[in-house]
Every structure is written in structure tokens, then in C-alpha cells.
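Right, one structure below, let's go through it.
Read-outs: derived from the displayed coordinates by stated rules, not from any lab. Because the structure is predicted, anything quoted here is derived from the model rather than measured. In this analysis, Cβ positions are derived from the backbone assuming ideal geometry, glycine residues included, and neighbour counts consider all displayed protein chains.
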Amino acid sequence: MDFKMYQKSASETVVYAKKYKVIYPALGLAGEAGEVANKVKKVFRDGLDNLPENWKSNIAAEIGDVLWYCAALASDLGCSLEDIAEENLKKLSVRKEENKLKGSGDLR
């Protein structure tokens with residue numbers, strides 16, 4: 001499945017009111033990213049040997065939720081996930097060429 005198909009399919013499952021466009025998926029994205037972080041935190045706390053057998057699939061499921069909210073937010077902004085992904089890779093490629101992958105700030 002490509003980003004275009006995913007974004008289209010994801011848009012068919014949107015149930016929030018139009019007056020909450022952008023706001024709802026942005027807040028949902030933050031919440032789901034927090035759930036990913038919380039599950040990863042438990043890897044540090046408990047150690048790999050003490051995790052449930054399905055710990056990777058649990059994290060992957062949360063990443064799926066993050067992806068849905070990214071798709072919804074992009075759609076609300078009138079952007080395509082495909083374009084966003086391509087632009088992000090271009091930006092990172094330039095940073096790599098300029099040896100600026102490390103560091104901070106948007107304008108490196």
C-alpha cells in the first residue's frame with residue numbers, strides 16, 4: 001500500500017466534526033505519539049527479557065495510530081502524505097550531504 005492509498009482509506013474512517021479539523025488530529029497525534037513513547041519506556045524499565053511476547057506488535061499498533069492521525073492532519077491541511085514524505089526525505093538528504101544530520105534547529 002502506498003501513502004496515497006492509505007491517506008484515502010484513512011479519510012473514510014474520520015468521525016470528528018469538521019469544526020475540529022486540524023485540531024482534533026493534531027491532538028490525537030500527540031496522544032498516540034505519547035502512547036508509543038510510553039510503551040518504549042517500558043522496554044527500558046523492564047528490560048527485553050521481561051517484556052510480553054507481543055511487545056513489538058503493541059508498539060507497531062500504536063505507530064499505526066500515529067500514522068492515521070498524520071494522514072488525517074495532512075488531509076485537513078490539504079496536503080498529501082506522499083508529498084510530505086518526499087519533501088522530508090529531500091530535506092534529510094541535503095542535511096546528510098552537508099554533514100548536518102546531527103544538531104538541532106530546522107534551518108541547519
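Assorted remarks:
- Whichever residue in the range 42-101 is surrounded by 15 or more Cβ atoms within 10 Å (Cβ to Cβ) and over 27 Å from residue 2 (Cβ atoms) and, among such residues, is farthest from the chain's Cα centre (by Cα): 51
Conditions (1) among the β-branched types (Val, Ile, Thr); (2) outside any loop (DSSP other than H, G, I, E, B); (3) over 24 Å from residue 11 (Cα atoms), marked per residue:
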{"position": "67", "(1), (2), (3)": "no, yes, no"}
{"position": "72", "(1), (2), (3)": "no, yes, no"}
{"position": "84", "(1), (2), (3)": "yes, yes, no"}
{"position": "93", "(1), (2), (3)": "no, yes, yes"}
{"position": "102", "(1), (2), (3)": "no, no, yes"}
{"position": "105", "(1), (2), (3)": "no, no, yes"}
